[in-house]
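Peer 1: I'd like to ask some things about the structure below.
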């Protein structure tokens, strides 16, 4: 009996793993079958090493929201740009200046619409909570997704740039200014007049989701 080539075995195992990923991302075998128009028996065949035709490969990739290239070869180009929104990590500069950096995460646009409290999928940012002063609401070093299109301060949780620091803080709007809750301060807060806030604080965006709290709402941040 001829020996199978190691490279061929590894390639086949990799494809089977990606088929399992397709099934999971599509919502299960039945869901994949319905979305891609592929029979359950064919899916089982692919899990055992069978190779789908190109039309089937395309249909399966589309059903799972991944690229055909990734499904076929394992290339890292996993996401289809029209289906996924990117989130870039915010980089601090000086004073109250900041800029978006490298893309660190991808979120399916349907998930953004459903779970991210009306966030704009075109302007998602990632901010690291570098200090423990929002615990237990947000843990230290936790990544927080921020809607960069919502920069008008009001009651809620926002990512802010103050004195060269990126901070995730609760803002309370007053009649003549704002209070930024900060446990590092003796009174547990910083008070700003409207003019002072505009001069000293840059609002990066409104926090919409974190790993600790699936959704950031006033209920779990009061």
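Peer 1: How far is it, in nm, from the label point at residue 56 to the one at residue 44 when both lie 7 Å from their Cα along the line to the Cβ?
Peer 2: 1.4
Peer 1: Further, regarding this structure: Starting with the highest mean, order 57-66, 31-40 by the number of other Cβ atoms within 10 Å, averaged over the residues of each peptide.
Peer 2: Top of the packing list down: 57-66, 31-40.
Peer 1: Using the count of nearby Cβ atoms within 10 Å as a rough guide to exposure, how do 25, 169 rank from fewest to most?
Peer 2: Result, fewest neighbours first: 25, 169.
Peer 1: If you don't mind, there's one more thing I want to ask. Report the extension gain between residue 115 and residue 196 in nm, rounded to one decimal, defined as 0.36 nm multiplied by the number of residues separating them, less their alpha carbon distance.
Peer 2: Once the chain is fully extended between residue 115 and residue 196, it gains 25.8 nm.
Peer 1: Arranged by the count of other C-beta atoms within 10 angstrom, fewest first, what order do 126, 194 take?
Peer 2: Listing 126, 194 from fewest to most nearby Cβ atoms yields 194, 126.
Read the figures in this text as sums done on the coordinates, not as results from a lab. What you see is a predicted model; the values in this text were computed from it and never measured. As a convention, Cβ positions derive from the backbone with ideal geometry for all residues, glycine included, and neighbour counts pool all protein chains shown.
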